[in-house]
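One structure is given below, encoded as structure tokens.
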Amino acid sequence: MILRVFIFFLFTGYVLFFTASFFGTAHAYDGVSEDEGINYFKIKPAWFWNQPVNCGMTAVGMTMHSELAPEQSVKLAYEKSLAAYQRQQEIIYGNREPDEEGLAGSAWQGADHMAYYDTTGLENLKSSIIILDRQIAGGISMVLSGPAACSEKLEEHRFMTPVTHRPEWADNKPEEPGYLFAVGTSRAYEHTISSWEKAESEARKKLSGLLQRRALGMGRGDQDSGIELLYSDMNITLQNAVVLERYYDPDSDLYLVLMRMPDQQL
């Protein structure tokens, strides 16, 4: 009898411990460790797959998580999210450096074109762009940053179910008056962070190629026709090109990113 009571309490304690561990005990976020203030779910959060954009611009930053210095990982992810935020605000593509100061260039594969974006305002952004949520998933420290006004919108995204089937936009880009869309893809690299960043970069590359074709009088054309930038002495500026959704296709082992930008010709 005593043994049965002991087993009952042992089992009950285990269930309570498991429940507390899974759902978390912190007040700031659902499922957050009270000690670290970070979500430790293995799956990526809903805001990664469906990024909030209608409340204001948001951005995602990722870095490899360090168990020895978890807060440092969050700090690096936050800084990367600020850089991503600035690239979404404005980025210039071309094969000549713009006549502006404080721009950092990064070459992308197979061409002499460069991508330039403002790097002077990162510190200033910290006063208005905050960490809305953070999570550790698959050894990656992830941060969603944006204006405080997006906190309420984020609550809606918590209840969104990640897409488990290939989305329509992967094969047929959305059509919406006043906007241009592009889908960037990337193969699987050793580190998934590189795959997601590459897919995002490819989406911007498509948008810049489309705008350059227009500028050269080659018509609107299909959005996919702008995959490669043409060689010319002009710079193309993308403004407010934001990530809407992400998807990983297990069948093709490809990473896909859907990006939307206001049509600058309107």
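The values are calculated or read from the model by the stated rules, or taken from the named source; none is laboratory data. Being a predicted model, the structure only gives us computed values, none of them experimental. All accessible areas refer to the heavy atoms of the entire protein, side chains included, with ligands and DNA or RNA removed. Shrake-Rupley method; radii C 1.70, N 1.55, O 1.52, S 1.80 Å.
Under 5 Å from the amide H of L244 lie the amide H atoms of L258, M259, R260, each residue being 5 or more positions distant or on a separate chain, with H modelled from the backbone and absent for Pro and chain starts. Residue separation of M234 and R214 scaled by 0.36 nm, minus their Cα-Cα distance, works out to 6.0 nm of gained length. Largest accessible area first, the listed residues T185, T58, T63 line up as T185, T63, T58 when surface is computed with a 1.4 Å probe on the assembled protein chains. Using 0.36 nm times the number of residues separating S128 and E168, minus their current alpha carbon distance, what extension gain do you get? Roughly 10.9 nm would be gained on extension. Against the criterion of solvent-accessible heavy-atom surface with a 1.4 angstrom probe, H65, H191, H165 sort, most first, into H165, H191, H65. Segment A149..E175, full-extension length gain: 6.6 nm, with 0.36 nm per residue of separation and the alpha-carbon distance subtracted.
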